[in-house]
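For reference, the structure discussed in these notes is given below.
Every number here is computed from the coordinates shown, using simple stated rules; none is lab data. Just so we're clear, the structure is a prediction, and the values are computed from it rather than from any experiment. Don't worry about glycine lacking a Cβ; one is built from the backbone with ideal geometry, like all the others, and counts go over all protein chains shown.
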Amino acid sequence: MGFLKKLFGGGEPREYVDKYGIYFYVRCDNCGTIVKVRADRQHDLNSTDDGYEWHKTIVDNRCFRRMETVVHFDRSYNVTNAELSGGTYVTEAEFNSGQ
Ligand SMILES: [Zn+2]
C-alpha cells in the first residue's frame, strides 16, 4: 500500500501546462460578454509565408452573435496582427474581473 502510494502518489502534484494553447479574450460588442478562446498551435494555426494565421468564429453564450477573427503570428507565435469583427480583444485581467 505504502509502496504503491509512493509509486503513483509521490512527489509534488504536477501542474498541467498547456504548451500548445494560446489564449485570447474577446468581448462581444453586442452584449458585453467576455469569451475565453483557445487556439491550438498544432491544430488550429495555418502556415503562412512568414508565420502563422488563425481563423476563428467565436460565439458567446449570451446573445450568440458571431464574431469573426483573423490573427497573424510570426514564427515564434507572437501576435503581429489581430482583426476581429463584432467584438473587441481584451486582457486576461479584464476577463478575470468579470467584464
Ligand atoms: Zn454577445
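Before anything else, pin down the relative contact order of segment 41-99: Cα pairs under 8 Å, at least 6 apart, normalised by residue count, whole percent.
24
Work out the length of the dipole vector of segment 41-99 about its Cα centre, built from +1 on the beta-carbon of each Lys and Arg and -1 on the beta-carbon of each Asp and Glu, and round it to the nearest 20 debye.
It works out to roughly 280 debye.
Sort HIS55, HIS72 so that the residue with the fewest other Cβ atoms within 10 Å of its own Cβ comes first and the one with the most comes last.
Details: HIS55 12, HIS72 17.
Starting with the residue having the fewest Cβ neighbours, the order is HIS55, HIS72.
Evaluate the Kirkwood expression for the hydrodynamic radius of segment 41-99, namely the inverse of the mean inverse distance over all pairs of different C-alpha atoms, and round to one decimal in Å.
12.8
Using +1 at the C-beta of Lys and Arg and -1 at the C-beta of Asp and Glu, which of LEU45, PHE64, TYR77 has the Cα lying farthest in the positive direction of the dipole of segment 33-82?
Comparing the listed Cα positions along the dipole, PHE64 ranks first.
Amide H of VAL90: which non-local residues (sequence gap of 5 or more, or other chain) have their own amide H closer than 5 Å, using H built in the peptide plane?
Under 5 Å from the amide H of VAL90: TYR25, VAL26, ARG27.
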